[in-house]
Each structure stands twice: as structure tokens, then as C-alpha cells.
1. Suppose we filter segment 361-372 for residues that are touching a Cys at 6+ places or on another chain (Cβ under 6 Å) and either among the hydrophobic types (A, V, I, L, M, F, W, C) or free of Cβ contacts under 8 Å to residues at least 40 places away in the same chain (or both); how many remain?
2. Say whether the condition of being touching a residue at least 12 places away in the same chain (Cβ under 8 Å), in a loop (DSSP other than H, G, I, E, B) and among the polar types (S, T, N, Q) is met by at least one residue in segment 418-425.
3. Is there any pair linking a residue in segment 21-36 that is more than 16 Å from F115 (Cβ to Cβ) and aliphatic (A, V, I, L, M) to one that is modelled with pLDDT under 80 and part of a loop (DSSP other than H, G, I, E, B), with Cβ under 6 Å and at least six apart or on different chains, and which?
4. If you go through segment 295-314 one residue at a time, do you hit one that is assigned to a helix (DSSP H, G or I), within 30 Å of L404 (Cα to Cα) and in contact with a helix residue (DSSP H, G or I) (Cβ under 7 Å, 6 or more places away or on another chain)?
5. Filter segment 163-181 down to residues that are touching a residue at least 60 places away in the same chain (Cβ under 8 Å) and open to solvent by 50 Å² or more (accessible area, probe 1.4 Å) and give me whichever is nearest to P64 (Cα to Cα).
6. Show me the helices (runs of 4 or more DSSP H) found entirely inside segment 318-408 where at least 3 residues are hydrophobic (A, V, I, L, M, F, W, C) and in contact with a Phe, Trp or Tyr (Cβ under 9 Å, 6 or more places away or on another chain).
7. If you take the residues of segment 437-461 that are touching a Phe, Trp or Tyr at 6+ places or on another chain (Cβ under 7 Å) and of a type in the set (G, A, S), which of them is surrounded by the most Cβ atoms within 10 Å (Cβ to Cβ)?
8. Among the numbered criteria (1) under 15 Å from the mean Cα position of the chain (by Cα); (2) modelled with pLDDT of 75 or more, which one does R308 miss?
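The values are calculated or read from the model by the stated rules, or taken from the named source; none is laboratory data. Since this is a predicted model, take the numbers as computed values, not measurements. Cβ sites come from the backbone with ideal geometry, for glycine too, and all protein chains shown count toward neighbours. Protein only, heavy atoms only, side chains kept; ligands, DNA and RNA dropped before computing areas. Shrake-Rupley method; radii C 1.70, N 1.55, O 1.52, S 1.80 Å.
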Amino acid sequence: MLKGVLTVGGWTMASRVLGFARDMLIAARLGAGPMADAFFVALKLPNLFRRLFGEGAFNAAFVPAFAGTLAVQGPRVAQQLAERMAALMTLWLSLLVVLGILAMPQLMTVLAPGFTDDPAKFALAVELTRITFPYLLLICLTALVSGVLNGLDRFAAAAAAPIFFNLLSMASLIMLAPFVATPAHALAWGVTASGAVQLGLVLWACARAGMALHFLRLPSLAPEVRQVLRRMIPGIIGAGVTQLNLAVDVIIASFLPAGAVSYLYYADRVGQLPLGVIGAAVGTAMLPLLSRQVRAGETLSAHRTMNRAMEMSLLLCLPAAAGQAAAAWPIVQVLFVRGAFGPAEASATAAALAAYAVGLPAYVLVKVYAPGFFARGDTATPVKVGLAAVALNLALNLLLTRYLSHVGVALATALSAWFNAGMLGWLLNRRGQMILDRRLRHAVPRLLLAAALMAVVILTLERMLFPVAGLLRFLALAVLVGAGGAVYFATAQLLGAIRLQELRGMLRRRRKLPATAGSA
């Protein structure tokens with residue numbers, strides 16, 4: 001699992017670094033006004049469907065089925081399952097894309113009802129979303145092929161594919177903008193083009209892994225396909241509850257003053273870095289392993305996998321949360337303050353980032369807990385918890401935005417994430433599917449103490465290092481992050497929460513293992 005986590009996490013980190021470069025460029029060209037709001041809504045809709053129908057619900061249902069079929073019946077039967085699912089997904093997602101493009105004005109009144117008060121912004125959002133909507137089909141097929149690669153324990157290509165989303169977005173904004181109506185139009189076309197490139201990459205990697213997939217076949221509702229679909233339907237809500245919460249955020253934010261959608265977008269982008277690098281990496285690497293252990297009846301190994309996944313996740317996400325909350329203003333200032341994005345926008349974004357950071361450990365724990373249900377074929381339980389979390393998020397949004405404006409939106413999302421994680425963990429423990437071992441119980445309070453000390457050090461250094469101007473901001477932020485990280489890991493080592501010597505040993509063993517996971 002560590003090997004898979006490092007592979008996925010490394011490529012995801014590279015993608016997120018490029019993503020920050022892309023967002024810095026977008027902030028400089030579009031700022032945080034009506035044009036930026038319209039583009040981010042246009043990006044939100046296909047991304048929401050992608051994470052619900054593609055990465056979220058589909059992976060939750062498909063990866064355990066594919067991994068189990070591969071282990072029991074062999075690669076040929078597993079390939080047939082993948083191709084049947086691909087044919088079915090191509091058909092119904094194509095219909096969804098066509099219907100979505102035709103009914104986009106009606107969809108926009110649901111996703112961003114506050115835009116109807118500004119006809120120009122509403123029309124721009126509709127036009128941009130029609131350009132980006134085909135990305136939904138391309139990226140969901142990419143998620144399917146990525147699920148096949150993950151089931152084969154080949155994580156690299158699927159984790160590297162999002163790099164092309166960032167590269168093509170930046171290229172289109174620089175090169176295509178002079179030839180289209182607005183820079184936002186150039187970005188929209190870059191999004192759709194990146195979907196085709198990402199699909200081509202994972203198909204090539206799958207062929208190299210010895211499982212070349214063919215989509216051009218008649219859809220078939222074979223028994224194994226129906227089983228995946230039955231598990232996928234409740235998983236649309238259960239695995240995608242975070243995305244549903246973010247959709248609620250956009251709806252509420254569309255009623256707030258201009259710029260609120262953009263502030264939340266930029267803050268969420270920073271907050272998503274550790275979620276992608278830690279949470280998604282652990283969840284992606286953990287699901288096929290846990291599915292095989294559950295299928296083989298290896299109960300003790302499954303418990304150990306859950307405990308080490310939680311330990312690994314908390315080890316990395318606790319300092320990330322403390323660092324984002326304590327250093328929100330320097331982070332936003334360094335990343336985004338330039339061009340059309342000024343100090344006022346930075347202050348508003350930093351406040352949202354600090355609120356999102358409150359929920360970061362919960363977001364990551366949800367990624368760890370969810371495979372505990374999915375590996376056992378249970379996608380219904382997360383649905384019930386997810387529905388309650390969405391309802392709580394909506395209620396908190398309506399309450400907190402009265403007093404905190406857009407910051408209330410971010411805080412509501414964080415609090416509902418803690419409810420989601422707490423309920424999932426409690427249910428796993430109650431069923432005996434997750435028993436916290438002595439090592440984890442020893443480590444967690446010490447990691448919390450180390451993260452708290454790190455936050456104090458960051459706040460103290462921040463007053464000394466900021467404000468600075470120009471390129472010195474980058475150096476000051478690097479010093480801040482480096483010092484905070486050094487304090488955290490040194491304190492955790494002294495308290496016995498981590499054992500750096502043991503980690504070095506695991507990494508040495510990883511280098512000696514056959515390089516199967518990262519070879520695709």
C-alpha cells in the first residue's frame with residue numbers, strides 16, 4: 001500500500017503544483033470578478049458529474065468488482081467486464097452530454113440561481129459550460145480505464161493524467177485567448193481538449209499493461225454489469241457527498257456579492273492539495289488491496305490495512321491543516337496576488353482557506369473510511385450518512401452565511417465533513433470492521449500536539465517574515481513552511497508518534513520491490 005500511495009501521491013503532487021501555476025495565471029488574467037465566477041461555475045458542473053459518476057461512484061463499485069474478478073477468474077473475464085462497462089458508460093454519458101448542452105440554461109438556474117439577476121454573467125456561464133460539458137464524457141471514460149489500471153496495481157499513468165489538464169489549460173489561456181471572445185472561452189476549450197488527451201494516455205498505459213480495451217461494442221447488461229450498476233447507484237451519493245456539499249456551496253455563494261464564488265474556488269484549490277496528495281492517494285491504493293483481503297477472508301490483514309492507512313493519513317494531513325489555518329494569508333498572497341487579484345481579494349480568500357482547513361483531516365478520513373464499506377460491497381451505508389451530511393451542510397450554510405458571508409460557506413462544509421467522517425468511523429467500529437490498534441491510539445494525540453506546536457511556531461514566524469514584497473515573498477513562505485515542517489516532525493519523533501528509522505526501512509524495502517506499480 002505504501003508503494004501505491006507514494007506513486008499516486010507523487011504524481012498528484014506534481015499535478016497540484018502545476019495546478020497552482022494554472023490558478024496563478026487565471027487569477028492574474030481573470031481576477032475574481034464576474035468572468036471568473038462564470039468560468040468556475042462552468043468548470044464545476046462537468047467536474048461534479050465526473051466525481052459523482054466517474055471517480056466517485058464508479059470506482060467505489062467497479063474497482064472491487066474488477067479486482068475480485070481478476071483474482072478469481074483471471075484477466076480475460078476481468079477485461080470483458082471492463083469493456084462491457086465502458087460500452088454502457090459511453091452510451092448513457094453521450095446522451096447525458098447532449099441533453100445537458102441542450103438544457104444548459106435550465107441547469108444553470110439550478111446550479112447558480114443567483115446569476116439570473118445578472119443576465120450577462122448568466123449567459124456567459126451557459127456558453128462556457130456548453131463548451132466544457134463534453135469533458136464529462138471524456139473524463140468519466142478516463143476514470144473507468146484508470147480503475148482498470150488501479151485494479152492491476154498500476155497507479156502511475158492514472159495519477160499523472162491530470163497533469164495534462166493543467167498544461168492544456170495554461171497553454172490555451174496564453175495561446176488561444178487572442179482568437180476567442182474572452183480569456184474564459186480559451187480556458188473552457190482547453191478543459192475539453194485535456195479530456196481527450198487524458199483518455200488517450202490511460203488507454204495507452206492499459207494497452208502496455210496487456211489489457212487493451214475496446215469500447216466499440218454493443219452495451220450488455222450481463223449479471224456482473226448489473227451488480228456494478230446496483231452498487232454504483234447508491235454510491236453516486238455516498239462516494240460523492242463532498243462534491244454535493246461543494247455544489248451546495250456554489251448555489252449559496254451565487255447569491256452572495258460578486259467574487260464569492262471565486263474566493264471559494266481559490267481557497268478550495270489550496271485546500272485540495274493535501275486532500276489529493278494524501279486522501280486520494282491513500283484511498284486509491286487502499287481499495288484494491290482491502291478488496292482482495294476481504295475477498296480472501298484475511299480479517300487481521302484488513303484491520304491492519306485500515307489502521308496503517310489512518311496513521312499515514314493523519315501523520316500528513318494534521319500538519320497540512322494546521323499550516324493552512326495558521327499561514328492562510330501568506331499562502332494566498334504568494335500564490336495569487338498579482339494582476340487583477342489584489343490584497344482585498346487575498347484577504348477574502350485567506351479567510352475561506354482557514355475555514356476549509358478546519359475540515360481537512362475529516363475530508364481525508366472520509367477517503368480512508370469509504371473503502372472499508374466499498375471493499376465489502378456496501379455502498380448503501382455511506383448514502384445514508386452522505387444524505388445527512390448534505391442536509392447538515394445546507395442548514396449550516398443558511399445559518400452561517402448570515403454572519404460570515406462566504407466564510408460561512410467554507411466553515412459549513414468543514415463541519416459537515418467532520419459529521420460525515422465521524423459517522424462512517426463509528427459505523428465501521430460498531431460492525432467490528434475497524435478496530436483501532438494500540439499503535440494508532442498511541443500516535444494520534446501526540447500528532448495533534450505536534451501539529452498545535454507547529455501552528456504556534458508558524459504564527460510567530462509569520463509576524464517576523466511578512467509583509468515582504470516581490471520575490472522575497474516566495475523565500476519567506478518557503479522558510480515558513482520549512483520551519484513548520486521541521487518543528488512538526490521533530491516534535492512527533494521526540495514524542496514517539498512516528499519512527500523515522502522505521503519509515504526509512506519501509507522506503508528501502510519499497511525500492512527493492514519489483515517496480516510494477518509505477519511502471520505504467
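1. Looking only at that region, the number is 1.
2. no
3. If the second residue must be modelled with pLDDT under 80 and part of a loop (DSSP other than H, G, I, E, B), the pairs left are A28/G339.
4. Step one: list which residues in segment 295-314 are assigned to a helix (DSSP H, G or I), which gives 295, 299-314.
With within 30 Å of L404 (Cα to Cα) added as a condition, the list becomes 314.
Now restrict to residues that are in contact with a helix residue (DSSP H, G or I) (Cβ under 7 Å, 6 or more places away or on another chain): 314.
Among the residues of segment 295-314, at least one is assigned to a helix (DSSP H, G or I), within 30 Å of L404 (Cα to Cα) and in contact with a helix residue (DSSP H, G or I) (Cβ under 7 Å, 6 or more places away or on another chain), which makes the answer yes.
5. Taking the candidates together, the pick is L167.
6. Fully inside segment 318-408 and qualifying: 328-336, 343-358, 380-404.
7. Among those that are touching a Phe, Trp or Tyr at 6+ places or on another chain (Cβ under 7 Å) and of a type in the set (G, A, S), it is A451.
8. It fails just one condition, (1).
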